[in-house]
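Just so it is clear, none of the values below were taken in a lab; they were calculated from the coordinates. Predicted, not measured: the structure shown is a model, and the values here were computed from it. Don't worry about glycine lacking a Cβ; one is built from the backbone with ideal geometry, like all the others, and counts go over all protein chains shown.
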Amino acid sequence: MISVAEALDRLFSLVSPLPPEPVPLTEAAGRVLAESQIARRAQPPFPSSAMDGYAVREAEVRPGAEFRVIGEAAAGRRFAGQVGPGEAVRIFTGAPVPDGADRIVIQEDAVREADRLTLGDTLTPDRYVRPAGGDFEAGFTLDAPRRLTPSDIALLAAMNIAEVPVTRRPVVALLATGDELVPPGGAPGPDQIIASNSYGLHALLRAAGAEPRLLPIAADDASSLETAFGLAEGADLIVTSGGASVGDHDLVGPVAEALGMERAFYRIAMRPGKPLMAGRLGDAAMVGLPGNPVSAMVCGHIFILPMIRAMLGLGAAPAPRDRAILAADLGPNGPREHYMRAVREADGKVRAFDRQDSSLVTVLAGADCLLVRPPHDPARQAGETVEVVDLAP
Ligand code: AMP
Ligand code: MG
């Protein structure tokens with residue numbers, strides 16, 4: 001048996017970062033920036049007014065001081081002249097501060113009659129001038145790689161960048177196999193169940209920035225699986241669920257091998273999860289997940305999502321972990337790393353569900369995290385700190 005970390009390392013060796021493609025800013029949120037972006041221009045590009053008021057010389061500002069208003073500066077339209085002694089320019093938020101002026105007196109602090117401006121008795125001390133480059137200077141760099149947030153998009157736009165190179169989305173073919181499976185909305189026979197794995201994985205992959213493709217369900221026979229693998233053409237990653245064990249009807253391995261895959265079979269010291277199959281099949285990486293619905297989804301979080309992040313250029317790292325305080329005692333763990341379905345309660349403490357069978361999708365849906373028990377972890381008491389993996393990162 002190998003550890004989860006070792007298995008993950010072997011899976012990382014099957015994939016590499018995908019090439020970049022240009023996208024307009026409106027399509028870039030959630031994508032991974034592939035090359036650092038440099039501002040060619042400072043923001044603001046000129047000293048600008050932070051308020052509506054009057055631009056004057058700071059040295060002349062005192063209660064009751066008088067000025068002559070000689071013009072106006074608005075956003076997008078500067079005052080072309082110079083502000084001399086005793087002079088003021090009417091100014092609005094975002095307008096360039098005129099030459100000679102270095103202080104904005106807000107309009108609430110002054111009284112104007114025609115071109116005469118008289119300052120009030122109490123003056124707000126702030127100068128209300130945003131210096132040139134106060135937000136960012138020319139040459140400011142937004143570093144890659146990073147998953148672009150809406151705030152990043154606003155920043156890129158402010159940097160005058162209209163199109164950005166982002167890592168191409170990994171195309172992931174999802175293949176469910178089993179004679180017992182019919183798709184949701186189908187008409188199951190008396191001995192059949194509904195295929196759920198591909199749908200959960202589809203949602204997981206899409207949220208992670210991949211482009212999942214659902215293949216038709218394959219029956220437990222070689223020709224059906226061969227046909228399905230043929231439909232995976234063009235994928236960067238093929239993820240199967242079911243049929244990957246060592247039973248008589250588990251044909252994913254033999255069929256993939258017949259199609260040229262160098263199959264690696266990992267017995268992983270992990271619960272839930274059965275042996276995981278992996279290799280390269282044509283131009284794609286292939287991972288065979290267990291069929292049990294919770295195992296498939298947990299393996300999705302613990303193995304497939306880190307592979308996707310590596311393909312997106314975000315580096316080869318395991319699923320991020322948080323710390324949480326235990327709400328209730330836990331017994332000792334066995335030799336396998338246990339990913340327990342758990343929920344964080346109102347006080348932030350984490351509680352593992354009593355029922356941990358890997359077929360229970362209701363329990364999975366009720367969980368918001370996986371509580372990670374290391375191999376041979378001794379019994380833990382309420383109040384101790386444990387590690388969790390978020391199910392909705
Ligand atoms: P297998 O890995 O094929 O031995 O399947 C293990 C268990 O998971 C069996 O109870 C299967 O019926 C179930 N199973 C396999 N594939 C799926 C799927 N796509 N959706 C839901 N259950 C599945
Ligand atoms: Mg099966």
Relative contact order [Cα under 8 Å, 6+ residues apart], the chain, whole percent: 16
18 Å reach of a label modelled at ASP322, 7 Å along Cα-to-Cβ, counting backbone N of the stretch 358-379: 364-373
Part-to-part distance (alpha-carbon centres) for the stretch 7-28 and the stretch 119-155, which is given in Å: 32
Options ILE304, VAL164, THR93, ranked by Cα towards positive dipole end of the chain, top entry (Cβ charges): THR93
Point-to-point label distance, ALA392-ALA258, nm (Cα→Cβ direction, 7 Å offset): 4.4
The stretch 50-204: projected area of the alpha-carbon convex hull, averaged over directions, in nm²: 16.9
Potential lengthening between THR124 and GLU226 on full extension [0.36 nm per residue; Cα-Cα distance subtracted]: 29.0 nm
Contour minus Cα-Cα distance for ALA75 and ALA346 (0.36 nm per residue): 92.7 nm
Simple spin-label estimate for ALA158 and PHE265 in nanometres, 7 Å along Cα-Cβ: 5.7
Label-point separation in nm, GLN356 to ALA59, each point 7 Å along Cα→Cβ: 7.7
nm² value of the averaged projected area, convex hull over the Cα atoms of the chain: 27.2
Per-peptide average of other Cβ atoms within 10 Å, ordering 83-95, 175-187 highest first: 83-95, 175-187
At R0 = 30 Å, FRET efficiency that the Cβ-Cβ distance of THR385 and SER3 yields, to 0.05: 0.90
Nearest-20 debye value, the chain charge dipole, Cβ charges on Lys, Arg, Asp, Glu: 460
Semi-axis lengths (Å, descending) of the ellipsoid that matches the C-alpha gyration tensor of the stretch 322-390: 17, 16, 10
Considering only the chain, percent of DSSP beta bridges that pair antiparallel, nearest 5: 65
Listed residues MET261, MET286, MET51, most fluctuating in the chain (Gaussian network, C-alpha, under 10 Å): MET51
Extension gain (nm, one decimal) between ASP179 and ARG112, 0.36 nm per residue minus Cα-Cα: 15.6 nm
